Every structure is written in C-alpha cells, then in structure tokens.
Amino acid sequence: MKHIKIVEITKKIPFLNQEVEIKQLTVKGIKDLQKVLDQNKTDDVTGIRTLSAIFKSTVVGAEEMKEEDFE
C-alpha cells in the first residue's frame with residue numbers, strides 16, 4: 001500500500017462574496033478533527049472554537065488564522 005499516493009482534492013466555492021478553496025479531508029484528517037472537536041465540546045459555549053477548527057482543517061490558507069479572527 002506504500003505505492004498509493006494521497007492526492008489533495010480541492011474545490012473553489014463562493015463564500016461571503018469571495019471565492020475560497022476547500023479541501024477534501026482524508027480519513028486521518030477527519031480523525032484529527034474529531035479529536036479537536038471532542039476536546040472543545042465542553043468549553044465551547046458559543047461554537048467559535050468548533051467553527052475555527054473545522055474552517056482551519058478544510059479551507060486552504062486558513063491554517064494560520066487565530067481564534068480572534070473568527071470573532
């Protein structure tokens with residue numbers, strides 16, 4: 001199975017009068033996101049941490065964003 005290369009699949013979509021590029025998550029990416037969301041479940045009353053975790057893992061270029069940027 002080492003010969004299989006994982007290819008990142010992306011798609012451009014309109015979002016808030018801009019065009020953003022989203023990426024399809026791998027199984028590992030989904031598991032990592034699920035761990036982060038489970039950790040934030042009790043602390044995240046407003047949903048900002050959940051939104052930021054999903055946005056950072058699926059939007060190309062959003063990895064560097066801080067939680068303050070989402071507020």
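Some values worked out for this structure:
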quantity: Cβ-derived FRET efficiency at R0 35 Å, GLU64 paired with LEU37, nearest 0.05; calculated: 0.95
quantity: The chain, relative contact order [Cα under 8 Å, separation at least 6], %; calculated: 26 percent
quantity: Helix axis angle, 27-40 relative to the chain longest principal axis, alpha carbon, degrees; calculated: 10 degrees
quantity: Whole-Å semi-axes of the stretch 10-70's equivalent ellipsoid (Cα gyration tensor); calculated: 21, 16, 9
quantity: Contour minus Cα-Cα distance for THR46 and VAL27 (0.36 nm per residue); calculated: 4.1 nm
quantity: Listed residues VAL59, GLY47, THR26: farthest to the positive end of the dipole of the stretch 26-71 (Cβ charges); calculated: THR26
quantity: Charge dipole magnitude, Cβ of K and R +1, D and E -1 - the stretch 10-70, Cα centre, debye nearest 20; calculated: 360 debye
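Read-outs: derived from the displayed coordinates by stated rules, not from any lab. Given the structure is predicted, the values throughout are model-derived calculations rather than measurements. For neighbour counting, all protein chains shown are included, and Cβ atoms are generated from backbone atoms with ideal geometry for every residue, glycine included.
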